[in-house]
Every structure is written in C-alpha cells, then in structure tokens.
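The structure appears below as structure tokens.
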Amino acid sequence: IFHLFLHTRKKMGPLLLLIICQCAINSAKTHSVSKPNIILLMADDLGIGDLGCYGNRTLRTPNIDRLAEEGVTLTQHIAASPLCTPSRAAFLTGRYPIRSGMAAFSRVGVFLFSASSGGLPSEEITFSKLLKQKGYATALIGKWHLGMNCESSNDFCHHPLSHGFDYFYGLPVTNLRDCKPGQGSVFLKGVQKGLVIPIQITGITLVSLAIVQYLGLLKVPFQALGYFLLIITISLVVLIFFFYHFRHLNCFLMRDHQIIQQPLSYENLTQRLTKEAMQFIERNTHTPFLLVLSYLHVHTALYASENFKGKSKHGLYGDAVEEMDWSVGMLRVLLTAVEGIHDDLCSYSPAIHVYSGKSTNWEGGIRVPGLLRWPGVVQGGAYIDEPTSNMDIFPTIVKLADAQLPSDRIIDGHDLLPLLQGKVTRSKHEFLFHYCNAYLNAVRWHPGNSESVWKVFFFTPNFSPEDSNGCYDSHVCFCHGGFITRHDPPLLFDLSRDPEEKVPLTPETESRFHEILRVVHQAVDNHTRSMHAVPNQLSWDNLLWKPWLQLCCSSLFQSCYCDSESRGS
C-alpha cells in the first residue's frame, strides 16, 4: 500500500510543492502512569509519500522513520478536513469543524488575515483546556491559524492562551507566499479578478453620469458625485495600503500576547522553534506537560536554513522536509537525555493535502501518515489498516491525562488506545464524513462484517485549467455552485481495492451498488440530525480585515516594524 501511495503522489508532479497539509508528532514521557507528558509536532504540506517509512527512498527522514520502526503505523488515518483552519479546529476539539462554526459556506475556508474577527469559539473545549485543568503545563509553539481577536486589538478572545495554553511562541495566522519577498502572492490573481468588474461598473457609471449631465437629461448634484468619488478613492487607498503592507500586517512572530518580530524573518526559524520547544521541556521536567510544536514546514513559502539548503535531492521542498526531520531528532535526543523523562508515547499524524489540488477530499488529500509510539504499551513495528481520524487524538490524549470527556456535546473522535494495544481489531469509525468547507462532499463506510472500505462522492471539484489535475488558477478548489460537478447517482469506490480512486463502480460492476448507497444515505440523515446551528466563524464578516483589530508592535504609520527576536539572539 505504501508503494501505491508513493505512485499516487509522484504522478501529481509539482502539485506537491504547492499544496497544504498538517502533521502532528506526539511524544509522551511518563511522570506517572496516569499523566504522561505529551508532545505534538505539526507540519504543513507534507506529502504522505515524502517519508521514508511510507515508501520514499530519496528524501532522508531517519528520525521520523525511527518512530515508525518503534511504534504503530496507521495506514488509513484521515484528516477531518483538507484545509488548515478547520482541520486544526477538529484536531483540538475532537469534533467535525462544522459543529464549531469553523467550516465556511463561502469560497474562503481559512483565515487569511491577523485582523479577522472569526476564530475558534471560546465555548469549544480543547484538549489543552482539559489537560491544563489536570495540572499540565501547556504550550503551543509555531503556527496557530485559529483566530486572534473579536472586538478590539487586545481582547485575544481566540488566542492560544484563551484555549488552554499557558505559553505561546509563534505565528497567529499562517505561512503564505506573501510572507516571503520574491515568492509571489496567493492573493494577487484573485484580487485582480475581483476588482475588474467593480472597476468597470464604477467607470461606466461615472462616464454615464457625465454624459447625461452634459446633455442636461439629469441633474446630478456635484456634492453627491464628490462623496461617491471620495468613497471610491478611500477604498482603493486602503486596499492598496493593505496589500502593499500585507507582510507586515499578517506575517509576524508573537510570544504570548506580545509581538516580538514584525514582519517575520525566516532566518533560522526552524532552529528557533526547536529551541523554544526544548526550553519548554527543560522548564517542566518535574511537571506533566503538553507541548504542541507546529512547524511552518513545508507550506509555501518554502524555506530552509543554510545548513540544509541545497542538500536534498528534491530542491527547497526536500531541504525543508529534511530540516524538519532534524528538528524531530533534536527533540528525541533531549527527551532521552533529561533525567526522569523516558521515551514512552510518540505519535505522528500529519494531515496532508496532495491529491488533485488543495481543499479536495480525494484520498490523497485527506489520508494522512499516522505513527504512534509507546514502548511497553504499544507494540513496535505493527500496522493497523483500519480507518482512524485526527479527531481521535482528542479523546486519546484526554484519557491518557486521566481527564473526563465533555458530556454536553458530541465528540466525533474515539480513543485509539484499545486499537493500538490490540484489545480490539476494528475501528469504531464505521462512517467518516468528509466536508468540503461546510458542504458534505463524501462519506466513507467500513462495514463491520467486511474488509471493504466504501467511499461515496456526492460532488467533485472542477479543475482549472480543465485538463489539469488541480485548481491551479485559484490555488484551491471551491466547494459549491459552478465550481463543482454533482453526481446522481453518487460516485462509488471501494478503497480496499482501488485506493487511488481511479475507477468508479456501477450497478453492473458492483452488485451491492444500490444497497451501499441506501446505507450511506441513511448514515448521512442520522449525521445531519446531530447537527445544530452555530455562528459561522468563517463568514465574510468574520474573514474580512478589520483595521481596529490589527496587531502592530509600533504603529501603522511606522509600517508595524520591530525585531526584538534578532536583538535577543
């Protein structure tokens, strides 16, 4: 199966360098049986075929591969969403992102600006909140991407420290090409397309008013026309200012609530993140701790330090992967060296998005590597070929910390430990529901009496350009309207025989075709009835840049510039 996935990834070509993913490594060292220390390492845009333990023979990832050798490899580990913001929300809460309002009904499915008002609601319970209540020291280092402020630039309602973390060092939003000079822009093409029609309408309106005014057909008050021109001018000035200063306004580094580097510098960034993680571990050798280290690798803009640049066989992308593996190795060395800490539980679970374009639910877009290591508890070198989800991390961690799962809400994840320990052989996930933003896109069904894993697609994205295998014109595939093709009957695949989803089944090729669809439709009905209306955190109002929410370490007129990070080093 690993060679099959490697082939799937390789035929995507340059798509690998452009798309997203999310990964997590969980290392736990035990102070007591009931309160192991837990470390989660996360990365963006890491392809499932880019790790040696999943079949790659040209990228060097020995430290991550060692986790596979000494732990359990999950071969059907699934991300709850193929985009960063909703996937991270599901990861932290153990719930489908639509339950928390973290799934968009519009085109944009992630937060793009630091001064947006949307974010992970305070009512949501994260595993960091529950572990903090049990006496854990908790820290998030690296990328957050789940919102920052609500009503003012210092209320920090969505900040990591408001969601159970004691310490934060990292980026409030994400790593974009716009953050690194010379790497292009993810906005420019969309802005150009979006402005063409409004500018044309404005121009035609002004010319028409001038003509009718000149001909005396209509009396247009010059004051009204002046106000109209003033509004248009101010809007254009704000727009130009924002995109000209995008890097300063949205790409910056924070420590807790304070900005320490604005704009972000990529110089030795992975080393800085690793150093912060190691210092947090050293500060808490006598306290149970939860550490989430969320790398910026290997999301574009791609970067690597001088020690790794040009060293891999896959350009800057490969350099970044190998630098991240180095960081994993540094943490392993520290964890085995610090007195009183033992290598007890490690899990690796990146959410990758590499098949047929960003934000798709094709198998290469949501099936993620999953490696879990816990010597003496979990057998090393084992493989589990059962559907699991990144939402399962929530109940697994909560149980390990001897905390109680919330009883006032639905938790969609399941405790992985019985499966990992071999106490059960079947996953509790009979069904998994795959959303494209807030729209139910596909359903996975693993019947209890069968080895088959059926996957049903209700719609698929329209690629652009049409003859491509992704949505390159828009950077991501959208989820509704003219951007998709609906299927009636739905597309049906058996992933146990066709994991690359090459040949849809038909009533002629699958005798149980109609029965499978009937069962899946019934599951969708039951799932839909479990949903409740919640505020949409990714509405246009919550996504748009709001100047009064802008974080700035100096002032807007000084281009929001500071660099205490470099001075401190």
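The values are calculated or read from the model by the stated rules, or taken from the named source; none is laboratory data. Nothing here was measured: the structure is a model prediction, and the numbers come from that model. For neighbour counting, all protein chains shown are included, and Cβ atoms are generated from backbone atoms with ideal geometry for every residue, glycine included. For accessibility, only protein heavy atoms count, side chains too; no ligands or nucleic acids. Shrake-Rupley method; radii C 1.70, N 1.55, O 1.52, S 1.80 Å.
Taking the conditions exactly as written (over 23 Å from the mean Cα position of the chain (by Cα), more than 20 Å from Thr126 (Cβ to Cβ) and not β-branched (Val, Ile, Thr)), does Pro387 satisfy them or not?
No.
Select, from Thr73, Thr58, Thr85, the only residue that is within 18 Å of Phe394 (Cα to Cα) and of a type in the set (S, T, N, Q).
Thr85
When you scan the range 184-201, how many residues do you find that are surrounded by 11 or more Cβ atoms within 10 Å (Cβ to Cβ) and either of a type in the set (A, V, I, L, M) or modelled with pLDDT of 75 or more (or both)?
Qualifying residue count for the region: 7.
Return the pairs, sorted by first residue and then second, in which the second residue is open to solvent by 10 Å² or more (accessible area, probe 1.4 Å) and part of a loop (DSSP other than H, G, I, E, B), the first residue lies in the range 72-85 and is in contact (Cβ under 8 Å) with a residue 12 or more places away in the chain and hydroxyl-bearing (Ser, Thr, Tyr), the beta carbons are less than 7 Å apart, and the residues are 6+ apart or on different chains.
Hits for this filter: Thr75/Ile1; Thr85/Val110.
From (1) in contact with a Phe, Trp or Tyr (Cβ under 7 Å, 6 or more places away or on another chain); (2) modelled with pLDDT of 90 or more; (3) open to solvent by less than 10 Å² (accessible area, probe 1.4 Å), pick out the condition that doesn't hold for Asp412.
For Asp412, the exception is condition (3).
Regarding the range 462-473, can at least one residue be identified that is assigned to a strand (DSSP E or B) and either outside the structural domain of Gly364 (by the TED database) or closer than 22 Å to Val186 by Cα (or both)?
The initial filter retains those residues of the range 462-473 that are assigned to a strand (DSSP E or B), namely 464, 471.
Keeping just the survivors that are either outside the structural domain of Gly364 (by the TED database) or closer than 22 Å to Val186 by Cα (or both) gives 464, 471.
Scanning the range 462-473 turns up at least one residue that is assigned to a strand (DSSP E or B) and either outside the structural domain of Gly364 (by the TED database) or closer than 22 Å to Val186 by Cα (or both).
Within the set of pairs 6 or more residues apart or between chains, which connect a residue that is over 15 Å from Leu400 (Cβ atoms) inside the range 120-133 to a residue that is surrounded by fewer than 22 Cβ atoms within 10 Å (Cβ to Cβ) and among the basic types (Lys, Arg) with Cβ atoms less than 8 Å apart?
Ile125/Arg409
Examine the range 537-544 for a residue that is in contact with a Phe, Trp or Tyr (Cβ under 8 Å, 6 or more places away or on another chain), assigned by the TED database to the domain that holds Arg272, hydrophobic (A, V, I, L, M, F, W, C) and open to solvent by 40 Å² or more (accessible area, probe 1.4 Å), and state whether such a residue exists. Can you show your working first?
If we filter the range 537-544 for residues that are in contact with a Phe, Trp or Tyr (Cβ under 8 Å, 6 or more places away or on another chain), which is where we start, we get 538-539, 543-544.
Filter once more, keeping what is assigned by the TED database to the domain that holds Arg272: 538-539, 543-544.
Now narrow it down to the ones that are hydrophobic (A, V, I, L, M, F, W, C): 538, 543-544.
Keeping just the survivors that are open to solvent by 40 Å² or more (accessible area, probe 1.4 Å) gives 544.
Yes, the conditions are met somewhere in the range 537-544.
In this structure, is Tyr227 surrounded by 11 or more Cβ atoms within 10 Å (Cβ to Cβ), among the hydroxyl-bearing types (Ser, Thr, Tyr), free of Cβ contacts under 8 Å to residues at least 24 places away in the same chain and not assigned by the TED database to the domain that holds Leu291?
yes
Among (1) within 29 Å of Val333 (Cα to Cα); (2) not assigned by the TED database to the domain that holds Cys84, there is one condition Glu282 misses while meeting the rest; what is its number?
Just one mismatch for Glu282, condition (2).
Are any residues in the range 89-113 among the hydroxyl-bearing types (Ser, Thr, Tyr) and modelled with pLDDT under 95, and if so, which ones?
Result: Ser106, single match.
Inspect the range 547-568 for any residue being farther than 21 Å from Pro86 by Cβ, exposed (fewer than 12 other Cβ atoms within 10 Å of the Cβ), among the acidic types (Asp, Glu) and over 23 Å from the mean Cα position of the chain (by Cα) and give the result as yes or no.
no
Within the range 213-224, restricting attention to residues that are in a helix (DSSP H, G or I), open to solvent by 80 Å² or more (accessible area, probe 1.4 Å) and hydrophobic (A, V, I, L, M, F, W, C), which residue is modelled with the highest pLDDT?
Within the range 213-224, the first condition is being in a helix (DSSP H, G or I), and the residues that meet it are 213-215, 222-224.
Right, trim to open to solvent by 80 Å² or more (accessible area, probe 1.4 Å) and you get 214-215, 222-223.
Cutting the leftovers down to hydrophobic (A, V, I, L, M, F, W, C) gives us 215, 222.
Numbers: Leu215: 77, Phe222: 68.
Once the filter is applied, the top-ranked residue is Leu215.
Arg512 versus (1) in contact with a strand residue (DSSP E or B) (Cβ under 8 Å, 6 or more places away or on another chain); (2) farther than 14 Å from Ala438 by Cβ; (3) surrounded by 15 or more Cβ atoms within 10 Å (Cβ to Cβ): which is the lone unmet condition?
Of (1) in contact with a strand residue (DSSP E or B) (Cβ under 8 Å, 6 or more places away or on another chain); (2) farther than 14 Å from Ala438 by Cβ; (3) surrounded by 15 or more Cβ atoms within 10 Å (Cβ to Cβ), only one is false for Arg512: (1).
Of (1) modelled with pLDDT of 95 or more; (2) open to solvent by less than 80 Å² (accessible area, probe 1.4 Å); (3) outside any loop (DSSP other than H, G, I, E, B); (4) not assigned by the TED database to the domain that holds Leu120, Gly482 satisfies all except one. Which?
(1)
So is Leu236 open to solvent by 20 Å² or more (accessible area, probe 1.4 Å), more than 18 Å from Arg332 (Cβ to Cβ) and free of Cβ contacts under 8 Å to residues at least 40 places away in the same chain or not?
Taking the combined requirement at face value, the residue satisfies it.
In this structure, does Phe168 turn out to be assigned by the TED database to the domain that holds Gln271, in contact with a Phe, Trp or Tyr (Cβ under 8 Å, 6 or more places away or on another chain) and not aliphatic (A, V, I, L, M)?
yes
Which count do you get for residues in the range 407-441 that are more than 27 Å from Ala533 (Cα to Cα) and outside any helix (DSSP H, G or I)?
Of the residues in that region, 8 qualify.
Any residue in the range 148-165 that's in a helix (DSSP H, G or I): show its pairings with residues that are acidic (Asp, Glu) and modelled with pLDDT of 95 or more at Cβ separation under 8 Å, as long as the two are six or more apart or on different chains.
Short answer, once both residue conditions are applied: Leu161/Asp256.
For the range 335-406, which strands (runs of 3 or more DSSP E) that fit wholly inside it have 1 or more residues that are at pLDDT 90 or above and small (Gly, Ala, Ser)?
382-389
Do the conditions hold for Glu451, that is, is it in contact with a Phe, Trp or Tyr (Cβ under 9 Å, 6 or more places away or on another chain), open to solvent by 30 Å² or more (accessible area, probe 1.4 Å) and charged (D, E, K, R)?
Against the criterion (in contact with a Phe, Trp or Tyr (Cβ under 9 Å, 6 or more places away or on another chain), open to solvent by 30 Å² or more (accessible area, probe 1.4 Å) and charged (D, E, K, R)), Glu451 does not qualify.
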